[in-house]
1. Of 193, 226, 55, which is farthest towards the positive pole of the chain's charge dipole, taken about the Cα centre with +1 and -1 on the beta-carbons of Lys, Arg and Asp, Glu respectively?
2. What ranking do 213-223, 162-172 get when scored by the average of other Cβ atoms within 10 Å per residue, highest first?
3. Could you tell me which of 144, 212, 84 has its Cα farthest along the dipole of the range 2-267 towards the positive end, charges placed at Cβ (Lys, Arg +1; Asp, Glu -1), taken about the Cα centre?
4. Just to confirm a number: summing +1 for Lys and Arg and -1 for Asp and Glu over residues other than residue 179 whose beta-carbon lies under 13 angstrom from that of residue 179, what do you get?
5. For a quick protection proxy, order the peptides 194-203, 234-243, 118-127, 88-97 by their average other-Cβ count within 10 Å, most packed first.
6. Rounded to the nearest 20 debye, what is the charge dipole size of the chain about its Cα centre when +1 sits on each Lys and Arg Cβ and -1 on each Asp and Glu Cβ?
7. With contacts defined as alpha carbon pairs under 8 Å and 6 or more residues apart, what's the relative contact order of the chain in percent?
8. Can you compute 3J(HN,Hα) from phi for each residue in the range 229-244, using the Karplus curve 6.51 cos²θ - 1.76 cosθ + 1.60 with θ = phi - 60°, rounded to whole Hz and x for Gly and Pro?
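Please treat every number below as a calculation from the coordinates, not as lab data. Owing to the predicted nature of the structure, the values given are computational and were not obtained by experimental measurement. Don't worry about glycine lacking a Cβ; one is built from the backbone with ideal geometry, like all the others, and counts go over all protein chains shown.
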Amino acid sequence: MKFVQLKNTVIGRFELFESFHEITHFISTRVGGFSSGDFASLNLGYGTEDDAETVTRNRLLLAEDLGIPLDWFVFPRQTHSNHVYRVTNADRGRGSLDRETAIPDTDALVTNARHTCIVVQVADCVPVLLFAPDQRVIAVIHAGWRGTASRIVSETVRNMQVNYGCKPAEIFAAIGPSIQQCCYQVGDDVYEAFAHWNGDRQQIFHRHHSMLMLDLPMANRLLLLNEGVNPENIVMAPHCTKCTPEYFYSSRFSHGNTGRFVVGMMLW
Ligand SMILES: [Zn+2]
């Protein structure tokens, strides 16, 4: 992933997707927005204690920088579920200016609709971007530990297979900035939530002295591989959100009181 300076803001982009001119994608950062204090500066989340009008100004600024009208964006109301929603043209604009019209109880969006920018919001949780060039289908996923344990990434790949005819071996996947193993200490309750992962569980949890550390991006990579995505078609951002506070919001870094950055994708 590389950082790109736009007119007002800075975004991250994956080289993996650059040769596909039928899509655009972005990872927003904290840089260039109007929010202050704990939310400085490009906070894009209404579900925070930041001023809603300022969040709207930030969203409009990012949309302008990207050259995508804000009423083409579609936001879900995320609940750490494994629910996948199929977005159509009729959903355009939902959640873009308020929380009430967002797609309810959903943590993954899939679409083959053009000019419909699907996004998820994060601040330590794992964002995943998928593109299936064979059927021109895109997906964005929000995977915290609960969504990862209940395999939301697998549910999304299956949804793309069943409803759109995508072949997993043809899917390209990018795992965005999230809290990484260096900083993600968890409790035994989280370890227990992964009991049904059987042998795979040993690959994602590590003991460091007396601390239990979870490698959440690696867990999502495992899910993609288990669904048949090719390892050479998967890239992972090297950035840990807690270790990179100048670019990313991190719930752990800010002890919960923080903003949200977004990860989005759109078919032209
Ligand atoms: Zn870290």
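1. 226
2. Ranked by mean Cβ neighbours within 10 Å, highest first: 213-223, 162-172.
3. Checking the options against the dipole of the range 2-267, the answer is 84.
4. My count for the surroundings of residue 179 gives 0.
5. My ranking of the peptides, most packed first, is 118-127, 234-243, 88-97, 194-203.
6. 240
7. 23
8. Listing the rounded values in order: 6, 6, x, 6, 9, 10, 10, 10, 5, x, 7, 8, 4, 6, 8, 10 Hz.
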